[in-house]
């Protein structure tokens, strides 16, 4: 039976960026299907006890910077600790991921580009021209994907993802759910890999 991993993320999450390549690689190694579920964390945090960065205690904000620097080194990825366009509205990029998946294509390459755009290249992914370029760079029909991304149908799915996240106790990004078992944070990817390798029953209680 093909493993199935539900991937809750948002394209403006630094942690989703830092874990993306490693996650996609591990999923591929184990032949796992990835179900992409972008979420608006602004709708998830109030329901799950989270706070936007600016409202977190100074000690937590300071420690976050230490972690970003450590994981930048660990993953070997460039990251601007204070990018030019963060926070920003991820809706168009997130919905483009949904539109790519709905078209039967793989969103991984586009999403990797969107993460880099925010966290390594200081580009504004709320800008449609930036998303257009990222889609084209990833080999997609940019206009067709953008038209779908802005449709009511995709918008409804995006809204539903946030509700589902709350219902399933997803409170941050990235969260990977394997057979009902959640793994929160890109620093849990090794544990996810272990679960895939062992084929053990999921921990769901």
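The values are calculated or read from the model by the stated rules, or taken from the named source; none is laboratory data. Here the structure is a predicted model, which means the values were calculated and not measured. As a convention, Cβ positions derive from the backbone with ideal geometry for all residues, glycine included, and neighbour counts pool all protein chains shown.
Tell me which residues, restricted to the stretch 29-53, are part of a helix (DSSP H, G or I) and farther than 22 Å from residue 92 by Cβ. If the condition is that a residue be part of a helix (DSSP H, G or I) and farther than 22 Å from residue 92 by Cβ, then 29, 46, 47, 48 are the ones that fit.
For the stretch 124-146, the candidate set comprises residues that are more than 10 Å from residue 92 (Cβ to Cβ) and free of Cβ contacts under 8 Å to residues at least 12 places away in the same chain; within that set, the residue that is surrounded by the most Cβ atoms within 10 Å (Cβ to Cβ) is 142. Being under 13 Å from residue 7 (Cβ atoms) and either at pLDDT 95 or above or part of a helix (DSSP H, G or I) (or both) is a property that does not hold for residue 118.
Can you pull out every residue in the stretch 152-181 that is under 21 Å from residue 28 (Cβ atoms) and either surrounded by 19 or more Cβ atoms within 10 Å (Cβ to Cβ) or touching a residue at least 60 places away in the same chain (Cβ under 8 Å) (or both)? Hits for the stretch 152-181 are 173, 174, 175, 176, 177, 178, 179. Condition check for residue 41 on (1) without any contact (Cβ under 8 Å) to a residue 60 or more places away in the chain; (2) buried (at least 16 other Cβ atoms within 10 Å of the Cβ): one failure, at (1).
Residue-level check: of (1) touching a helix residue (DSSP H, G or I) at 6+ places or on another chain (Cβ under 9 Å); (2) in contact (Cβ under 8 Å) with a residue 24 or more places away in the chain; (3) under 18 Å from residue 14 (Cα atoms); (4) assigned to a loop (DSSP other than H, G, I, E, B), residue 89 misses just (1).
Filtering 26, 100, 79 for residues that are under 18 Å from the mean Cα position of the chain (by Cα), surrounded by 12 or more Cβ atoms within 10 Å (Cβ to Cβ) and not in a helix (DSSP H, G or I) leaves a single hit, 79. For the stretch 29-38, the candidate set comprises residues that are surrounded by fewer than 23 Cβ atoms within 10 Å (Cβ to Cβ) and touching a helix residue (DSSP H, G or I) at 6+ places or on another chain (Cβ under 7 Å); within that set, the residue that is farthest from residue 99 (Cα to Cα) is 30.
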